[in-house]
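Take a look at the structure set out below.
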Amino acid sequence: MEQSLAHKRALVTGAGKGIGRATAKALLECGAEVIALSRTQSDLDSLVQESPKMLTICVDISDWEATENSLKDIGRIDLLVNNAAVAILQPFLSVTEDAFDKLFDVNVKALLHVSQIIAKGMMCRGEGGSIVNISSQASKCALRDHAVYSSALHTRQHPGEPPLHPLPSIHILLVNVMKCCVISQHVSEYKIRVNAINPTVVMTAMGRIGWSDPAKAAGMLSRIPLHRFAEVEDVVNTIIFLLSDKSAMINGVTLPVDGGFLSS
Ligand code: NAP
């Protein structure tokens, strides 16, 4: 996608693999200075080998203090992609406390924390900014074994719509966590846009956890009107669009990248 992001500085979380890695590389190609954050040093090393201009931060963003230390001197950030997440899929009746905590620590709490740090910097500088949260189609519909993953991802969206999951306790928790995640109302007056995207299945390492079984994949594909999963590039193009000034009037949307799955 041709898009100039020259003179912009971007931070991408979870940039070691998959969608985050491809997003960081695409942002570099658009002329931005890019900081790729992830928690496995070897992934970041190979990323720098492929893209020598890439700057990197190695930190586990579920570690609150380590994240603060890593980001305190990050300098100006105009564009933030909250992409890092984990997927632990368990049947509803077998969901463990540990899995619940891990999912919320990374997929919700860390996202809130990184957003706080970066948005405060954007507000201080007063030059605006754009934040894109990577959510999922799973946040808007009930999928087998996705109870906690889906709920965690629902909170990554810009609020304004209630969670759709038939799980009352998580529903209540979500509403409260979401209120904390609603930063865009506070930051809009500083010309900071916050949007979320909801991809369908993408066959990254994470996608393979849930969808490697051909029978299961076929069931999902049959519900996607375009009859295919998303490619990493489909997701990256949407992220770049929402980060760029081409979407200057788009704020607070949750945009499916799902081939029509959520409309069918
Ligand atoms: P992925 O291939 O598993 O990559 C995730 C990246 O995030 C990895 O580099 C991982 O590092 C990093 N990460 C995870 N936890 C982290 C932490 N605590 N601190 C720092 N980095 C961390 O996943 P993906 O498929 O690209 O997914 C990217 C985003 O898209 C996620 O938000 C996901 O929920 C969303 N999404 C994915 C799909 C799909 O089907 N793939 C569909 C809809 C939405 P390590 O490998 O070192 O842990």
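The values are calculated or read from the model by the stated rules, or taken from the named source; none is laboratory data. Since the model is a prediction, treat every value here as computed from it, not as a measurement. All Cβ positions, even for glycine, are placed from backbone atoms using ideal geometry, and neighbour counts span all protein chains on display. Accessible surface is based on the protein model in full, side chains and every heavy atom, while ligands, DNA and RNA are left aside. Shrake-Rupley method; radii C 1.70, N 1.55, O 1.52, S 1.80 Å.
Explain nothing, just compute: Karplus ³J(HN,Hα) = 6.51 cos²θ - 1.76 cosθ + 1.60, θ = phi - 60°, for every residue of region 29-45 in order, whole Hz, x for Gly and Pro.
Once rounded to whole Hz, the list reads 4, 7, x, 7, 8, 10, 10, 9, 10, 7, 10, 10, 4, 5, 5, 5, 4.
Keeping every protein chain in place, order CYS124, CYS30 by accessible area at 1.4 Å, biggest value first, i.e. largest first.
The ordering from most to least exposed comes out as CYS124, CYS30.
Once amide H atoms are built 1.01 Å from N in the peptide plane, which residues 5 or more positions from ARG193, or in another chain, come under 5 Å H to H?
GLY129, SER130, ILE131
Ranked highest first by the average count of other Cβ atoms within 10 Å around their residues, in what order do 190-202, 91-103 fall?
190-202, 91-103
Before I look further, what does region 58-99 give for accessible area per residue, probe 1.4 Å, in whole square angstrom?
52 Å²
Are there trypsin sites (Lys or Arg not before Pro) in region 1-63 that DSSP puts in a loop and that have at most 10 other Cβ atoms within 10 Å, and which ones?
When the trypsin sites (Lys or Arg not before Pro) of region 1-63 are filtered for loop state and at most 10 Cβ neighbours within 10 Å, LYS53 remain.
If ligands, DNA and RNA are left out, what is the accessible area of LYS120 with a 1.4 Å probe, given in Å² to the nearest 10?
Estimated to the nearest 10 Å², LYS120 gives 130 Å².
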